[in-house]
Amino acid sequence: MTTTAPAALAFAATLALDPSRGREAIALLSRDLGPVAAESGPIPFETTDYYAEEMGGPLVRRIAVFRDPFDPLRLPEEKRRVMEIERSGSGDDGRRRVNVDPGYLTLRKVVLASRKDASHRILVADGVFAETTLAYHHGSFTPYPWTYADYRRSDVVEFFNRARAALPR
């Protein structure tokens, strides 16, 4: 029996001190992923100081969902691509000026790519893991116990609920 991947749209969640860095990364990604279908407003990154030493603060997250259909099997390729965007935008000191988390959205879930292994992540290709971050239940996306705190925010969940409307049914 063969199955096909569910309809999916790629997204990129940027994190930066200077909002123009996030917009630049999204513009670079849109060259291959197509136009932006939905973009969040600035989301204050207040849930952890994990990036403070490297990037400073206060940091702001933006999430862009791209309009063109996305093959989920391309997730490792997109993770490697955003890592190159992060490296090319680094300062002379080697510190990143933007963090970019790629993922994809389907009618049933929001999936993030990561280079870090964890009990709830699945290896999908050479050092790239995938994690289901939000699941769609009873009319809304809902977080898992492992979902990052900034993806648990009600405004982020609502953004993905709205972006879900861009998916073909």
If you take the residues in segment 63-117 that are among the acidic types (Asp, Glu) and surrounded by 13 or more Cβ atoms within 10 Å (Cβ to Cβ), which one is farthest from Pro168 (Cα to Cα)? Glu86
Show me the strands (runs of 3 or more DSSP E) entirely contained within segment 50-114 in which 3 or more residues are of a type in the set (D, E, K, R). 60-69
Qualifying residue in segment 133-147 (condition: closer than 17 Å to Pro6 by Cα and either among the polar types (S, T, N, Q) or in a loop (DSSP other than H, G, I, E, B) (or both)): yes
Meets criteria (farther than 25 Å from Ala38 by Cβ and either in contact (Cβ under 8 Å) with a residue 60 or more places away in the chain or of a type in the set (Phe, Trp, Tyr) (or both)) for Phe70: no
Tell me, which residue of segment 149-168 that is of a type in the set (A, V, I, L, M) and either modelled with pLDDT of 95 or more or under 13 Å from the mean Cα position of the chain (by Cα) (or both) is surrounded by the fewest Cβ atoms within 10 Å (Cβ to Cβ)? Val157
Residue pairs qualifying under the 6 Å Cβ cut-off, at least six apart or on distinct chains, with the first in segment 11-25 being without any contact (Cβ under 8 Å) to a residue 60 or more places away in the chain and the second being surrounded by fewer than 23 Cβ atoms within 10 Å (Cβ to Cβ), are Pro19/Val60
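The values are calculated or read from the model by the stated rules, or taken from the named source; none is laboratory data. Small disclaimer: the values here were computed from a predicted structure and weren't measured. Because the Cβ atoms are built from the backbone with ideal geometry, glycine has one as well, and the counts that use them run over all protein chains shown.
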